[in-house]
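A short write-up of the structure that comes next.
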Protein chains: 4
Amino acid sequence: MQNGEQSETHTEIMEATYRALCEHGYASLTMQKISDEFEKSKGLLHYHFDSKEELLTAFIDYLLSEFEQDIASIEGPPDEKLNEFIKRFVVVSHTDDRQALHLALLELRAQSPFNDRFREHLARSDTIVRDVVAGIVADGITQGVFRADAEPEAVAQLVLASMDGARTRGLTIGDETYPATVSDALYEYVISDILVETNE
Amino acid sequence: MQNGEQSETHTEIMEATYRALCEHGYASLTMQKISDEFEKSKGLLHYHFDSKEELLTAFIDYLLSEFEQDIASIEGPPDEKLNEFIKRFVVVSHTDDRQALHLALLELRAQSPFNDRFREHLARSDTIVRDVVAGIVADGITQGVFRADAEPEAVAQLVLASMDGARTRGLTIGDETYPATVSDALYEYVISDILVETNE
Amino acid sequence: MQNGEQSETHTEIMEATYRALCEHGYASLTMQKISDEFEKSKGLLHYHFDSKEELLTAFIDYLLSEFEQDIASIEGPPDEKLNEFIKRFVVVSHTDDRQALHLALLELRAQSPFNDRFREHLARSDTIVRDVVAGIVADGITQGVFRADAEPEAVAQLVLASMDGARTRGLTIGDETYPATVSDALYEYVISDILVETNE
Amino acid sequence: MQNGEQSETHTEIMEATYRALCEHGYASLTMQKISDEFEKSKGLLHYHFDSKEELLTAFIDYLLSEFEQDIASIEGPPDEKLNEFIKRFVVVSHTDDRQALHLALLELRAQSPFNDRFREHLARSDTIVRDVVAGIVADGITQGVFRADAEPEAVAQLVLASMDGARTRGLTIGDETYPATVSDALYEYVISDILVETNE
DNA sequence: CATGAATGAGAGTTCATTCAT
DNA sequence: TATGAATGAACTCTCATTCAT
């Protein structure tokens, strides 16, 4: 998404970083552990990236790009898009690969107060995603599926925050039912309220 | 809370760890940096704790105990308690010390999938807090301030998840208005729905 | 001088080495830094020279050859040749390119106790230069401009040593006036003594 | 001389550095090689010195302090002091330990154009030594052993430069007779000229 | 000839931990 | 208790060199 044409080795490094991050976590992620997940040599990591931080910044872009592509691929009428968005965002099974992706992102996010570049890259992506959700709600209002008094920005932030929190709590506390429970509550207490009541 | 009578040195170490964690972040937290925030020597840290992990596990208990005490001190009728809870939990000013505390907790939480002991201690606390919120809602139903069809568990999880998510996003993206916006949306789209309409 | 007909690439490598050495110093001179000053690729350096040491040995010859050519081009009667020799050897302005050349030579010389090949190449050149100066003095005696009791070898060594020392101290301590001061003292206390007093 | 009371370990590190520098030369001097000459562990080097550069800067002070002490210990009338100074400074036998010291200093000096801190420390010492020599000459004039028209500063610089150059050439070209030859020439062509002729 | 990706050893440095005092 | 010197493993990063193209 951002470069369009990265070298094969570049991609292999990103994938190795992903595996290493998922397995060991950010705090104990080392170039050696990335290298262990990488077919080629450790020195090559430094040939392609000037420093560990540079590699990880590139990795954030790689992760976000995958995530943004996933989100952009959602199709359908606004209410279905919102449902699908929530499903992809939060209802992850334990074996879902997306769970690992979100954990990786969470770790990088927890690090961002101490790293300006991380924060900038993450903030940029956050704005994009928020705009996507607010856009869905706005479209829904225009098309008459959501109530006219729904505030797209507020709804978007509430949806994102609750899903993010649910995922975080689910991931970090090890309770797999957390995201699903919150997701259900989100429907019952929020989304059902802004739906124009046609058949319900 | 867990020992009742900790030594003064123990407390000083916990406070030093807190300062070091806030300043440097979990990933680059070292015994040396804790020691730098500590009046006494670095060797003494190992006299009191067998290992860094042991120290950090004790630190989690210390943090959670402070947090739980804070929450337990809330008084008043259920709807006011819920408001106050949300306020303390999420609406933190930028200079609020509680912001740093939550960031520290987030970092430890992001680490918990890689550390069983961290996860156990955090999960225990999470259950306590969730029970507190669910209890407030249940009390509110009993006392007739919340609607009878409100589900205490579901509401508690939704409230906690959205506030947690809002705080995380606010902290890590550097947008101070995030928690307040989500908090407002939470009132408007969730809490106002479960309040028994008396004067509104 | 040693091959007579070096390839153009060879010369470009020598010039790149010269620039890199002047900029970074011997101790932190790397093949990469030489390559950075070189139009073509880094791999090509190894195509032309089997190793870094080989390249640097060739570079010594290149430097000395330039230096010897410079000295050989001095013309005139013996006393003027000696003056000119000293002037070229030591009285370098701060911006003089010769200053960098002498610094490069000094660095290689400081390395020579640890590298037999460096030492051999440098010693050979040193003998040549010493013979040139002793020859000038001997010619001066024959032609009656220098006193008959002047010892060509001793004078040559004293002149060379003092100029070398002055340059070293000037270069490394950053005092630009050093060489000129010593040069003046050399005239006043040494050369004026061996001149046949005709018009002075 | 500079601190008066350095720890024993500090001194051991300086001595280990001296041995490593003499054996391998500055350009290939590594912390590992210093550690190899050191009884204790490599990590300890970094406990006592924040970086390699800091260690080497301290080492320059250590070397210069030894050298300055040596010079300060010379006693006697001015002409004898000057003789003794030259003897200690330059006439080193091949096995003389002072030869190694001067080579070490030369290497550090050759590095000083690329390292401000090295240059400052070396320049400070250079000024001290020059003042000592100029002081000897000035005393000699006052006491009537040197001619009144001798210029202390100019003589000091000429003496130092020629001896420095002789030593450099001797050390780096491997010709042991160099310093002695230049030293003799220095007497014959310079010092004999400034001596008040009493018995010669 | 020429390139630049790739390698593996080793550079300086950091770190949790130990231990004598 | 308390200190701070000391350790050794592991860290990020650099380097001369090789090799497929």
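Quick note: the coordinates plus some simple rules give every number you see, no bench work behind them. Here the structure is a predicted model, which means the values were calculated and not measured. Please note: Cβ atoms are built from the backbone with ideal geometry, for glycine as well, and neighbour counts cover all protein chains shown.
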Discussion item. Rounded, prolate or oblate for segment D:1-69? Axes are the square roots of the Cα gyration tensor eigenvalues, ordered a ≥ b ≥ c, and the cut-off for rounded is a/c under 1.5.
Written reply: oblate
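I need to check one value: relative contact order of chain B, counting alpha carbon pairs closer than 8 Å and at least 6 residues apart, in percent.
20 percent
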Fill in: Across the identical copies, how the C:GLY43 labels are spaced - nm, sorted shortest first, 7 Å along Cα→Cβ
1.5, 4.2, 5.6
Worksheet item: Using a basic spin-label model with each label point 7 Å from the Cα along Cα→Cβ, how many nm lie between A:SER51 and A:GLU176?
Response: 4.1 nm
Worksheet entry | Flagged links, alpha-carbon separation over 27 Å, of A:LYS52/B:LYS52; A:LYS42/C:LYS52; A:LYS40/A:LYS87; A:LYS52/A:LYS87 | A:LYS40/A:LYS87; A:LYS52/A:LYS87
Worksheet item: To the nearest Å, what is the center-to-center distance of segment B:101-115 and segment A:28-42, using C-alpha atoms only?
Response: 24 Å
Discussion item. From Cα pairs below 8 angstrom and at least 6 apart in sequence, can you work out the relative contact order of segment C:1-93, rounded to a whole percent?
Written reply: 23 percent
Discussion item. 5 Å is the cut-off here: which amide hydrogens, built 1.01 Å from N in the peptide plane, fall below it relative to B:PHE146, excluding neighbours closer than 5 in sequence?
Written reply: B:ILE141, B:VAL196
Worksheet item: For segment B:69-78, in order, what is each residue's ³J(HN,Hα) by Karplus, 6.51 cos²θ - 1.76 cosθ + 1.60 with θ = phi - 60°, in whole Hz (x at glycine and Pro)?
Response: 4, 4, 5, 5, 7, 6, 10, x, x, x
Worksheet item: Okay, helix-only estimate at 222 nm for the protein assembly as shown: each DSSP H run of n ≥ 4 adds -39500 (n - 2.57), divide by all residues, round to 500 deg cm²/dmol; what do you get?
Response: -22500 deg cm²/dmol
Worksheet item: Can you give the convex hull volume per residue for the Cα atoms of the protein assembly as shown, as a whole number of Å³?
Response: 229 Å³
Worksheet item: GNM on chain B, C-alpha springs below 10 Å: top fluctuator among B:ILE136, B:ILE86, B:ILE173?
Response: B:ILE173
Fill in: In sequence order, calculated HN-Hα J values of segment C:126-138 (Karplus, 6.51, -1.76, 1.60; Hz; x Gly/Pro)
4, 4, 4, 5, 4, 5, 4, 5, 4, x, 4, 5, 4
Response to the item:
With the dipole of segment D:96-160 defined by +1 on each Lys or Arg Cβ and -1 on each Asp or Glu Cβ, the option from D:LEU160, D:LEU106, D:VAL132 whose Cα lies farthest towards the positive pole is D:LEU106
Response to the item:
Sorted by chain and then number, the residues having a modelled amide H within less than 5 Å of the amide H of C:ASN115, at least 5 places away or on another chain, are none
Practice prompt. Starting at the first residue of segment B:17-27, write each ³J(HN,Hα) from the Karplus equation 6.51 cos²θ - 1.76 cosθ + 1.60 with θ = phi - 60°, in whole Hz, x for Gly and Pro.
Written response: 4, 4, 4, 5, 5, 4, 7, 10, x, 4, 4
